[in-house]
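Participant: So that we are looking at the same thing, I have put the structure below in structure tokens.
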Amino acid sequence: NAGVTQTPKFQVLKTGQSMTLQCAQDMNHEYMSWYRQDPGMGLRLIHYSVGAGITDQGEVPNGYNVSRSTTEDFPLRLLSAAPSQTSVYFCASSARDSLSTDTQYFGPGTRLTVL
Amino acid sequence: AQKITQTQPGMFVQEKEAVTLDCTYDTSDPSYGLFWYKQPSSGEMIFLIYQGSYDQQNATEGRYSLNFQKARKSANLVISASQLGDSAMYFCAMRDRAVGDSSYKLIFGSGTRLLVRP
């Protein structure tokens, strides 16, 4: 049971480069989300999805795009990386978009550095 | 606006003693859920405990309990009999649906770093 997987674990980019952070879950969860965690801060919501084909913005969406073509995958795209996007990125999933006790399952994180 | 506040950047506790980590929240939605997560130095996020806004009793999970005071909008985490392995960052989070939103969002506080002394 893989749970939530993220690739890559580490990435270094130059300013202006683009890349995609991959996230996949094998639990048939409807709800998936992306967070960033900056040093000394909590997680901030970037984008989320309540099901295939449906995405919406979180607290800090600027500079990031997402899509949800399948239930399993929720990639995060940086179109033109900036040093301010240096952070640890977490993907999470939960069964439903609800207030149930379904927990959010987090991936192991991707540490991104933009030079 | 949704907001989670953790006012203790760092806490110390002696091994085997109890410790309370503070969390206050603000929401206009009468239906919400409160979560606590642990993040050890390895970086993963570990779910600890959940409290629903309509739950009559405080949630408990082993050595973790949530002191839920709805009128004061506080949801403090109590860890009893602290262990060295409890040293970590602890995050309070709230899931609710803001006015105008069609979906729920999980919002995190800034965290409290707990260090357990032997």
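Participant: Report D for the range A:52-115 in µm² per second (integer): Stokes-Einstein, Kirkwood Rh on Cα pairs, 10 °C, 1.306 mPa s. If you can, show how the numbers build up before the last one.
Facilitator: On the way: Rh = 13.5 Å.
Calculated translational D: 118 µm²/s.
Participant: Right, here's the next one. Check the straight Cα-Cα distances from residue B:70 and name the lysines below 18 Å, setting aside those fewer than 8 residues away within the same chain.
Facilitator: B:3
Participant: Output ³J(HN,Hα) for the range A:49-57: one whole-Hz value per residue in order, computed from phi by the Karplus curve 6.51 cos²θ - 1.76 cosθ + 1.60 with θ = phi - 60°, and x for Gly and Pro.
Facilitator: 9, 9, x, 4, x, 10, 9, 8, 8
Participant: May I ask for the net charge around residue A:70, where only other residues with Cβ less than 15 Å from the Cβ of residue A:70 are counted and Lys, Arg are +1 while Asp, Glu are -1?
Facilitator: Once all neighbours under 15 Å are counted, the net charge is -3.
Participant: What number in nm² do you get for chain A if you take the convex hull of its Cα atoms and divide its surface by four?
Facilitator: Projected over every direction and averaged, the Cα hull of chain A covers 6.8 nm².
Participant: Okay, next question. Tell me the net charge near residue A:110. Cut-off is 12 Å between Cβ atoms, residue A:110 excluded, with +1 for each Lys or Arg and -1 for each Asp or Glu.
Facilitator: Summing Lys and Arg as +1 and Asp and Glu as -1 gives +3.
Participant: Summing Lys, Arg as +1 and Asp, Glu as -1, what charge do residues with Cβ under 12 Å from the Cβ of residue A:52 carry, residue A:52 excluded?
Facilitator: Numbers: positive: A:68; negative: A:30, A:72, A:73.
That works out to -2.
Participant: Can you tell me the FRET efficiency between residue A:115 and residue B:61 if r is taken as the Cβ-Cβ distance and R0 is 41 Å, rounded to the nearest 0.05?
Facilitator: The formula returns an efficiency of 0.45 here.
Participant: Would you give the gap between the C-alpha center of the range A:65-84 and the C-alpha center of the range A:32-48, rounded to a whole Å?
Facilitator: Measuring centre to centre over Cα atoms gives 13 Å.
Participant: Still on this structure: Work out Dmax and Rg for chain B from the C-alpha atoms and quote the Rg first, both in angstrom.
Facilitator: 14.1, 49
Participant: How about the range B:1-74: which chymotrypsin sites (Phe, Trp or Tyr not before Pro) there lie in a loop by DSSP and see at most 16 other Cβ atoms within 10 Å?
Facilitator: Passing sites in the range B:1-74 are B:54.
Participant: Which entries of B:38/B:105; A:14/B:38; A:9/B:73; A:9/B:16 show an alpha-carbon separation above 30 angstrom in the structure shown?
Facilitator: A:14/B:38; A:9/B:73; A:9/B:16
Participant: Taking every pair of alpha-carbon atoms in the protein assembly as shown, what share in percent sits in each 5 Å bin, from 0 to the bin with the longest distance?
Facilitator: 1, 7, 14, 18, 19, 17, 12, 7, 3, 1, 0
Participant: Most fluctuating residue of B:21, B:66, B:106 in a GNM of chain B with Cα springs under 10 Å: which is it?
Facilitator: B:106
Participant: Let me ask another. Just to be sure I understand: with springs between alpha-carbon atoms less than 10 Å apart, which residue in B:102, B:65, B:87 has the highest mean-square fluctuation in the Gaussian network model of chain B?
Facilitator: So, out of B:102, B:65, B:87, the one fluctuating most is B:102.
Participant: Separate question: Taking 2.2 N^0.38 Å as the expected size of a compact globular protein, what ratio does the Cα radius of gyration of the range B:64-105 give against it, to two decimals?
Facilitator: Ratio of Cα Rg to 2.2 N^0.38 Å: 1.59.
FYI, it's all coordinate maths here, none of it is from the lab. Worth saying up front: this structure is predicted, and the values here are computed from it rather than measured. Cβ coordinates were reconstructed from backbone atoms using ideal geometry, including for glycine residues, and neighbour counts include every protein chain displayed.
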